[in-house]
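Enquirer: One structure coming up, written as structure tokens, with questions to follow.
Bear in mind that the values in this text are calculations on the coordinates, not laboratory data. These figures come from a predicted structure and were not determined experimentally. Neighbour counts run over all protein chains shown; Cβ positions are idealised from the backbone, glycine included.
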Amino acid sequence: MTKDKNELRAALRAARWAAAQNNAKAMLDLLAHFRNHIVPELKARAGHVAGYAAMGQEINALPVMEIFSNHGLSLCLPVVAHEDAPLIFRAYQIGDKLQPNYMYKIPEPPTDRPVVVPDIVLVPLLGFDRAGNRIGYGKGYYDRTLAHLRAKRDQDNGRAQVAVTAIGLAYNEQEVEQITAEPHDQPLNIIVTPREVIYCPPR
């Protein structure tokens, strides 16, 4: 990347903001991809879908979660346990009351909701490339979390679990030609934009 990462993040925030303001049909197009392609393809091998509470101009994951829920999948939301730890996920149903996280004030399920392990994780982002690399906010939560989930094994029967599927939600304007991945970076499997569904090459 030719730009400093902080400079690039600022440019991508601006691009995302402009895209959110200028395309009223974007969300309808993105949801159509989930109804017509993503959910039919993935629902048979998934039990829990992790969304997120959108902040700022992030694409709203709630309507996407509703589509999965309508097809019988269970939902969950991420919870920040500790600053340097992977996210955990607590069960969530559409309409549940949430509480602000103690660090970032992001809405989370309360502590009485059970902890679950998602099979699909919807991931917010600032930028992406077609190889599945993403630019986040620099805190590393999703990289730590995806690494943790992808390393999990089924302790009951000793076989590897089906790998978690990470799906990035973005506007087309957030695409970057190439992002140099660092060793700790975890790739996305699929990126869904209003224009298209991008299936990233396996690694």
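Enquirer: In percent, how large is the relative contact order of the chain, given Cα pairs closer than 8 Å and 6 or more residues apart? All intermediate terms of the calculation are to be shown ahead of the outcome.
Expert: Numbers: 364 pairs, mean separation 45.2, N = 203.
Averaging sequence separation for qualifying contacts and normalising by length gives 22 percent for the chain.
Enquirer: Here is a follow-up. With a 10 Å Cβ neighbour count serving as the proxy for reagent exposure, in which order, fewest first, do Phe68, Phe89 appear? Write out the running numbers ahead of the final one.
Expert: Values: Phe68 22, Phe89 26.
With the sparsest Cβ surroundings first, the list reads Phe68, Phe89.
Enquirer: Charges at C-beta only: +1 for Lys and Arg, -1 for Asp and Glu. How large is the resulting dipole of the chain about its Cα centre, in Debye rounded to 20? It would help to have the intermediate numbers written out before the result.
Expert: Values: 23 positive and 22 negative charges, 34 e Å.
Rounded to the nearest 20 debye, it is 160 debye.
Enquirer: Taking the beta-carbon count within 10 Å as an exposure proxy, list Leu126, Leu8 from fewest neighbours to most. It would help to have the intermediate numbers written out before the result.
Expert: Details: Leu126 22, Leu8 17.
Lowest count first: Leu8, Leu126.
Enquirer: Modelled label-to-label distance, His184 and Asp96, 7 Å Cα→beta-carbon offset: nm?
Expert: In this crude spin-label approximation the distance works out to 2.9 nm.
Enquirer: How would region 1-141 be classified by its alpha-carbon gyration tensor: rounded, prolate or oblate, with rounded meaning a/c under 1.5 and the a/b versus b/c comparison settling the rest? Spell out each step's value before the answer.
Expert: Working: a/c = 1.70, a/b = 1.19, b/c = 1.43.
It comes out oblate by the Cα gyration axes.
Enquirer: Here's another thing I want to ask about it. Between Tyr199 and Ala151, what is the label-to-label distance in nm when each label sits 7 Å out along the Cα-to-Cβ direction?
Expert: 3.0
Enquirer: Run the numbers for His82 and Met103: contour at 0.36 nm per residue of separation, minus the present Cα-Cα distance, in nm.
Expert: Numbers: separation 21, 0.36 × 21 = 7.56 nm, distance 0.92 nm.
Computed gain between His82 and Met103 is 6.6 nm.
Enquirer: Continuing with the same structure: Just name one of Pro124, Ile106, Pro40: the one whose Cα is farthest towards the positive end of the charge dipole of the chain (beta-carbon charges, Lys/Arg +1, Asp/Glu -1).
Expert: Projecting each Cα onto the dipole axis, the largest value belongs to Pro40.
Enquirer: Which whole-Hz ³J(HN,Hα) couplings does region 36-45 yield from phi under the Karplus relation 6.51 cos²θ - 1.76 cosθ + 1.60, θ = phi - 60°, glycine and proline marked x?
Expert: In residue order, the calculated couplings are 8, 10, 5, 5, x, 6, 9, 5, 6, 10 Hz.
Enquirer: Now for a separate question. Would you list Glu66, Glu182, Glu108, Glu7 from fewest to most Cβ contacts within 10 Å? Walk me through the numbers before you get to the answer.
Expert: Values: Glu66 15, Glu182 8, Glu108 23, Glu7 11.
Ordered by Cβ neighbours within 10 Å, fewest first: Glu182, Glu7, Glu66, Glu108.
Enquirer: Now for a separate question. Could you work out how much longer the chain between Asn23 and Asp112 gets when fully extended? Use 0.36 nm per residue separation minus the Cα distance between them, nm to one decimal. Could you put the intermediate results ahead of the total?
Expert: Details: separation 89, 0.36 × 89 = 32.04 nm, distance 3.90 nm.
Stretched fully, the Asn23-Asp112 segment lengthens by 28.1 nm.
Enquirer: Percent relative contact order of region 1-81, based on C-alpha pairs within less than 8 angstrom and at least six residues apart?
Expert: Numbers: 55 pairs, mean separation 23.0, N = 81.
Relative contact order comes out at 28 percent.
Enquirer: Another question, if that's okay. Return the FRET efficiency for the residue pair Ser69, Ala44: r is the Cβ-Cβ distance, R0 is 22 Å, and the value is rounded to the nearest 0.05.
Expert: On the way: r = 16 Å, r/R0 = 0.72.
With R0 = 22 Å, the Cβ-Cβ based efficiency is 0.90.
Enquirer: Related question: Given the options Gln174, Gln21, Gln57, state which has the largest fluctuation in a GNM of the chain using a 10 Å cut-off (strictly under) for Cα springs.
Expert: Gln21
Enquirer: In deg cm²/dmol, rounded to 500, what helix-only [θ] at 222 nm does the chain give when every DSSP H run of at least 4 residues adds -39500 (n - 2.57) and the total is split over its residues? Please report the intermediate quantities before stating the final value.
Expert: Working: 5 runs with 50 residues, N = 203.
The helix-only estimate for the chain comes to -7000 deg cm²/dmol at 222 nm.
Enquirer: Rounded, prolate or oblate: which one fits region 85-203, using the alpha carbon gyration tensor with axes a ≥ b ≥ c (rounded when a/c is under 1.5, else prolate when a/b beats b/c, else oblate)? Before the final figure, lay out each step's value.
Expert: On the way: a/c = 1.77, a/b = 1.25, b/c = 1.42.
It comes out oblate by the Cα gyration axes.
Enquirer: Each residue of region 84-89 in order: what ³J(HN,Hα) in whole Hz does its phi give by Karplus 6.51 cos²θ - 1.76 cosθ + 1.60, θ = phi - 60°, with x for Gly and Pro?
Expert: Per residue, the Karplus-derived 3J(HN,Hα) values read 9, 9, x, 5, 10, 10 Hz.
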